[in-house]
Every structure is written in structure tokens, then in C-alpha cells.
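See structure below.
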Amino acid sequence: MKIGLLGFGTVGAGVYHIISKQADLEIKYVLDLREFPELGDKLVHDYSVILNDPEIDTVVEVLGGLHPSYEFAVQAMEKGKNFVTANKHLVCHYFTELTSLAAKRGVAFRCTAAVGGGLPWLTSLERAKRVDKISEIWGIMNGTTNYILETMRSSPVAFDKALSEAQALGYAEADPSADIDGLDIQRKVIISANIAFNCLLTEADVPVFGIRGIRKEDIDLFKSENVVCKLTANAMRIDDGVAAFVEPILVPANEPDANIPSNFNLITFIGENVGRLSFYGQGAGRYPTAFNCVQDCVDIASGVKDFYAGALKYVPVYNDREEHYYYVRTSCPDSWLGEHMSKPMGNGVMTHLVSVKEMHAWAKEKIKEDPECFIAGIR
Ligand code: HSE
């Protein structure tokens, strides 16, 4: 297999390094706007060199962002080249279009590294569906926010310092607000739910609350209550539809989800036959992410052409039917909060049972008035 690699950043350099040790894979060209003398004449600045080279059968994209990644994907597959990407933004946004194009052109489209870094998560969903019906998925799917929350919990480090550390370690997105405001994990749960349930969710279907507002006072309170705060993705079948949402949750300290260190992810699905299956490992960083990009190349070289799911369809979204208790802290309490409050909790309150839809709608408005407002589901 001869490969055109798009991007020589954190993940791209990892892909390059791993492939240099694979006997059957070769990177012929690397596309990047920057100069890298160590790449010699493998480095190109013009995508058409890769596109028009008939020897290159597979393009691996680790540029991130929607454009020009989308155009590069379409052009590669139109030219009959397989396409491998770690770009969840791209996959989430152009899911059916890219998979349909791959099917039409008879090429492979793989994106295992887009969710869970080095975990065999998407490939396991694909395999599980052959003999099972998946009812629910959830988990910690963002390494940066797990790193921040764990650092703040285990040391007196403030949010901004923990974020800088995660950036320096190569975990965070180019714009880390995608991590801390939950957009990165939202894309990952959309891709996962679409594959697990053969549905078609869009960003508008999946409410998100991130960890930007969390403060030391919250962390101290959670410690005293023997719970741990984690940013989680959640999706489950409900009748003929699904519920799907992203929010911080408070987990009892003795549960597996509460004990995930550093940049690690823990992602779980429930199958009717297999029961609970959880996947634990590094969800971000150079080599874990590169590992799955190269795994996709090896799969393609051995003949895998299918995408992880067949035909997908829009289904009703029932976030109004999924209810739980919430911790809410705001400096601007209002009548809605007064009506839904069950009892005080630290500097905030604990609510009665509230639907995900109602809680997120309230929080989305409240954060405009009080940017430091914080909510967390209680499990
Ligand atoms: N920024 C992402 C994370 C990278 O922290 O999980 C891996 O998708």
C-alpha cells in the first residue's frame, strides 16, 4: 500500500513513525504547508501531486477541521483512492455523504481514530452489531477534559494551568474550546450513536454542557460528597428513537468511570447478548491516535471495504423522556430553579428529577447571564 499522508503535526508525525516500521505500508508523500527538512522530497505542498499519482491508493488525513479536509476526502475518493481519517469534525458533519461516495466509488472510508484515540471502539461497535443489538453507549470520550478534571482533583492546580498542560502534551484540539465546551465529545457521541443505532443524529439533536464553568469550590464539594466529576457522552435507544446528550456527571468515587486518569477514556456499550463491554485506554495523543489510523490502513490492505454501518436514518430524539437529578450552581438563581430545587448542595443546589431537554435548555440560557454557571448530572 502506498500512502499520501495529509498533515505532519502531532498525529501525522506519529502515523509517519509507525508506518516507517510496517513492511507492507509506505508513505510516498506528506502534504503540509510547513517545511520539514527531515522529510526530504517526500514533502509536498500541493495536493494534486498526491491526487494524480496512480501509485498512491490510500490517503490518510490528520489535518483536522472541516476545510479543506472535506474537499480532499471527496477528491481522493473520486479518484478511486481509499480514505482514512482521524477527523471527527469531518466525519460527524459529512457522515452519509462521505460513506455514500466511498460505496459508489468502491473504495474504503475508515475513521477508527476519530473516537477514543487508540481504542478499538468503532470497530467493536461494528463487530458487536453482527450478533447483537446495542441499547446504550456512554463514557469519557475526551482526554483533554479528563486530564483537566483529574489534575484539578488531585492537586491545587487551577483550570487554565491544567488546560495548558493538556495542550503541551498534545491532547487538546487546535482550538481547545472544542474540548472544554464539549463540542469534540459531542461529535464523538454522534458518530458512535449513528454507528451503534444506525441512526442519523446531527449536532442540533445533541445538547451539550461542557466544563468551562467548573471551579475549585465545585471540586472541593464533590470530594466531600465522595463523588467525582467527569464529562461524559450519553446515548440510548428509547422506543423508536434515541436520547443523546453531553454533560458533566457526578459518579460515586468507587465506580470505574470515576477512576480514569490523565488523558485516558473509558467508553462503554450495552448489548442485549453481551451485556456491558467497556474500552479503556489513551483517548488522545500522538501515538494512540496514530495507532488507529495505521490499523485502518492495515485493514484496508487486507481487503476491508465496508463502512462501520449500513444505511442510516433520522429517528425521533427523546431527550424529554430521559430524566435525572442535577447539581446546579449559579450566581443568578431564578424561579425555574426555585421550583425544581430539591435541597441545597454546597454553593449550589440539587434538583428534583428533571428531563435532559429541560435542564439543558435552562442552562443554555442561564450561561449567557452567568458564564460561570455549572451543572452536572447526578448518577
Ligand atoms: N482533543 C481530543 C481529546 C483529541 O482530548 O480527546 C482526541 O480526539
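The values are calculated or read from the model by the stated rules, or taken from the named source; none is laboratory data. Everything numeric in this text was worked out from a predicted model, so none of it was measured. As a convention, Cβ positions derive from the backbone with ideal geometry for all residues, glycine included, and neighbour counts pool all protein chains shown. Just the protein is used for accessible areas: all its heavy atoms, side chains included, with ligands, DNA and RNA removed. Shrake-Rupley method; radii C 1.70, N 1.55, O 1.52, S 1.80 Å.
Before moving on, here are some points about what is shown:
- Of the criteria (1) modelled with pLDDT of 95 or more; (2) touching a Phe, Trp or Tyr at 6+ places or on another chain (Cβ under 9 Å), which one residue 263 fails: (1)
- Of the residues contained in the range 271-287, none is found to be modelled with pLDDT of 95 or more and under 23 Å from residue 209 (Cβ atoms).
- Residues that are open to solvent by 20 Å² or more (accessible area, probe 1.4 Å), of a type in the set (Asp, Glu) and closer than 24 Å to residue 140 by Cα, drawn from the range 271-307: 272
- Only a single criterion out of (1) polar (S, T, N, Q); (2) open to solvent by 40 Å² or more (accessible area, probe 1.4 Å); (3) under 30 Å from residue 269 (Cα atoms) is not satisfied by residue 85, namely (2).
- Condition met for residue 321 (closer than 23 Å to residue 216 by Cα and either β-branched (Val, Ile, Thr) or open to solvent by 20 Å² or more (accessible area, probe 1.4 Å) (or both)): no
- Check on residue 192, more than 11 Å from the ligand (Cβ to nearest atom), of a type in the set (S, T, N, Q), open to solvent by less than 50 Å² (accessible area, probe 1.4 Å) and not in a helix (DSSP H, G or I): no
- The residue of the range 88-104 that is farthest from residue 11 (Cα to Cα), among those that are open to solvent by 10 Å² or more (accessible area, probe 1.4 Å) and within 16 Å of the ligand (Cβ to nearest atom), is 93.
- When the helices (runs of 4 or more DSSP H) confined to the range 106-177 are screened for residues that are open to solvent by less than 10 Å² (accessible area, probe 1.4 Å) and within 12 Å of the ligand (Cβ to nearest atom), those reaching at least 2 such residues are found at 143-154.
- Flag for residue 50 being more than 20 Å from residue 299 (Cβ to Cβ), surrounded by 13 or more Cβ atoms within 10 Å (Cβ to Cβ) and over 25 Å from the mean Cα position of the chain (by Cα): yes
- Any hit, the range 159-174, residues being in contact with an Asp or Glu (Cβ under 6 Å, 6 or more places away or on another chain), modelled with pLDDT under 95 and under 17 Å from residue 92 (Cα atoms): yes
- Checklist (1) part of a helix (DSSP H, G or I); (2) in contact (Cβ under 8 Å) with a residue 12 or more places away in the chain applied to residue 204, failing item: (2)
- Pick from the range 269-312, criterion farther than 20 Å from residue 18 by Cα and of a type in the set (Asp, Glu), ranking: nearest to the ligand (Cβ to nearest atom): 306
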